[in-house]
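These notes are about the structure you will find just below.
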Amino acid sequence: MRISIIGLEDERFNRPLQLIANLFFEESKIITGNAEEADIRIEFHLQVQENISVSAELKENFDKIFAAEYQREMLPTGSEKERFKQIKNAVAHVYLTVLQDLTGITQKWGILTGVRPTKLLHRKVQEGIPIDAAHQQLKADYLITDEKIELMQQIVNRQLSVIPDLYSLQKEVSIYIGIPFCPTKCAYCTFPAYAINGRQGSVDSFLGGLHYEMKKIGAWLKEKGVRITTVYYGGGTPTSITAEEMDMLYEEMYMSFPDVENIREITVEAGRPDTITPEKLEVLKKWNIDRISINPQSYTQETLKAIGRHHTVTETIEKYHLARASGMNNINMDLIIGLPGEGVPEFTHSLAETEKLMPESLTVHTLSFKRASEMTKNKEKYKVADRDEVEKMMELAEVWTADHGYVPYYLYRQKNILGNLENVGYSLPNQESIYNIMIMEEQQTIIGLGCGAASKFIDPVTGKITHFANPKDPKTYNDSFEAYTEEKMQILNELFSEKNSPA
Ligand code: SF4
């Protein structure tokens, strides 16, 4: 679908308009100006004074077929960026409306294309806006449906009951530790995950760098008296290293980090069942790891094979029981909706198998075609369900989790996600992952250590976010970890200086 945009000269509109077009059409192209080759034309009339007034007319062959108007007050703001955001949202409002009319598709998330919808609602709670008024605003400003507003509210309530001090944790930090190795690489994966027996730099030298980072950052936290809220080992698959290597790593954590006994939660992703052994489970218990993830993704063997996960369904179930027997009492399992070749029958089967295990939490992802994955590069090889079927599976997950006592406690969206839906973390009450809430709601700094680890520094006073990424591949990491650690400590010094401490 080629869409000609008339009446909006500012180039900053192009990307948001493209993102919204992507919600409706498999392939779409935004063309600025009155282009001959366009399939449809959308003419905008925009006026910005004390109010923002915008109208859009959608035309096919120069005949008007749909029109929309919207007006809102221009709120006072200190920055041009914020000002433009208000205008952009108003434009998106009428643009979405005419595209919905044209296609008959209702976008349940309205004009939102960002990753963290619940943050919007948290902000309103923090500003003291009453619930009903907040919901009205979300509906009027962003065209979010009642169904999704209800989901957001349920999640925000749950988060605040699990972490009552969520809004005052800026003085603490969480730590993410990235281990970039996996037994093999899955087809949909864009994480830093290198085959552990591959040639991408040795595990030994990587771990050397990681121990260094943990020592340095730990010493800084101790010196400044900054506490750690949660620690999360992700990757890759952190259990793809040996039991001895894991043992030394957790020992390092206890030696270097401040007050580890009082960290609220330590999670280790053991995503790939083929990496779990009795020895590694022993090590996890020895160091009081609170929570692990064992990820089936699907309980259909052919699917696992098609996506390059070299383990069996039986192995997932066996390793789950092994972890239970070793005393792990907070286990998360991930499922993915819309894997190649899967529809309602396969997903129903996955839920039935989950019922036999009843993990403490279940994260339901919707397949996303990330640009760099093997799957996206060879899209024609992987047949996936259509929008309606993906929605049906999502509904099945909602009903199944509610029937089995799980509550939704975090959600995030991705670009190019099937059916423009979301990923939702469900959990049995009081088994929620605190780290997942912290990373989604961006209320505190998360320091990333290791390969591909993204740090997110949040100014404790202004809330401004600074991103910082460690290199993704082990070779580059091994060459540069000292410089990266130093840079992070400089940012931390500024953020946690006395002048910047919240009242
Ligand atoms: S196990 Fe996870 S991190 Fe590893 S390749 Fe598969 S999807 Fe990527």
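The values are calculated or read from the model by the stated rules, or taken from the named source; none is laboratory data. Remember, predicted model here, so these are calculated numbers, not experimental data. Backbone-built Cβ (ideal geometry, glycine too); neighbour counts: all protein chains shown.
Structural remarks
- Conditions (1) within 16 Å of the ligand (Cβ to nearest atom); (2) among the small types (Gly, Ala, Ser); (3) over 24 Å from residue 234 (Cβ atoms); number of the one not met by residue 308: (3)
- Scanning the range 170-194 for residues that are among the charged types (D, E, K, R) and either in contact with a strand residue (DSSP E or B) (Cβ under 9 Å, 6 or more places away or on another chain) or near the ligand (Cβ under 7 Å from one of its atoms) (or both) yields a total of 2.
- If the condition is being crowded, with 19+ Cβ neighbours inside 10 Å and farther than 26 Å from residue 411 by Cβ, then the range 97-123 contributes only 98.
- Residue within the range 17-36 that is farther than 30 Å from residue 151 by Cα, aliphatic (A, V, I, L, M), outside any helix (DSSP H, G or I) and at pLDDT 95 or above present: no
- Within the range 235-316, helices (runs of 4 or more DSSP H) holding 2 or more residues that are surrounded by fewer than 21 Cβ atoms within 10 Å (Cβ to Cβ) and at pLDDT 95 or above: 243-256, 278-286
- Selection within the range 153-189 - in contact with a helix residue (DSSP H, G or I) (Cβ under 8 Å, 6 or more places away or on another chain) and small (Gly, Ala, Ser): 174, 187
- Residue tally, condition touching a residue at least 60 places away in the same chain (Cβ under 8 Å) and touching a Cys at 6+ places or on another chain (Cβ under 6 Å), over the range 211-247: 2
- With respect to being touching a strand residue (DSSP E or B) at 6+ places or on another chain (Cβ under 6 Å), in a helix (DSSP H, G or I), at pLDDT 95 or above and within 14 Å of residue 335 (Cα to Cα), residue 401 fits the description.
- Among (1) closer than 30 Å to residue 423 by Cβ; (2) in contact with a Ser or Thr (Cβ under 9 Å, 6 or more places away or on another chain); (3) in contact (Cβ under 8 Å) with a residue 40 or more places away in the chain, the one test that residue 84 misses: (2)
- In this structure, residue 43 qualifies as out of contact with any Pro (no Cβ under 8 Å at 6 or more places or on another chain), surrounded by 15 or more Cβ atoms within 10 Å (Cβ to Cβ) and part of a strand (DSSP E or B).
- Residue in the range 424-433 that is within 27 Å of residue 210 (Cα to Cα) and of a type in the set (S, T, N, Q) present: yes
- Conditions (1) without any contact (Cβ under 8 Å) to a residue 24 or more places away in the chain; (2) over 22 Å from the mean Cα position of the chain (by Cα); number of the one not met by residue 103: (1)
- Residue match in the range 143-152 (condition: in a helix (DSSP H, G or I), aliphatic (A, V, I, L, M), within 25 Å of residue 429 (Cβ to Cβ) and in contact with a helix residue (DSSP H, G or I) (Cβ under 7 Å, 6 or more places away or on another chain)): yes
- The condition (being modelled with pLDDT under 95 and assigned to a helix (DSSP H, G or I)) is satisfied by just one residue among 204, 132: 204.
- Selection of first residues in the range 386-407 that are under 18 Å from residue 359 (Cα atoms) and of second residues that are part of a helix (DSSP H, G or I), restricted to Cβ pairs under 6 Å at least 6 apart or on distinct chains, gives the following pairs, ordered by first then second residue: 400/351; 407/158.
- When the residues of the range 195-210 are filtered to those that are within 14 Å of the ligand (Cβ to nearest atom) and in contact (Cβ under 8 Å) with a residue 40 or more places away in the chain, the one that is surrounded by the fewest Cβ atoms within 10 Å (Cβ to Cβ) is 200.
- Checking residue 94 against (1) touching a residue at least 60 places away in the same chain (Cβ under 8 Å); (2) crowded, with 20+ Cβ neighbours inside 10 Å; (3) of a type outside the set (Ser, Thr, Tyr), the condition it does not meet: (1)
- Residue identified as touching a Phe, Trp or Tyr at 6+ places or on another chain (Cβ under 7 Å), at pLDDT 95 or above and either within 16 Å of the ligand (Cβ to nearest atom) or not aliphatic (A, V, I, L, M) (or both) among 346, 353, 360: 353
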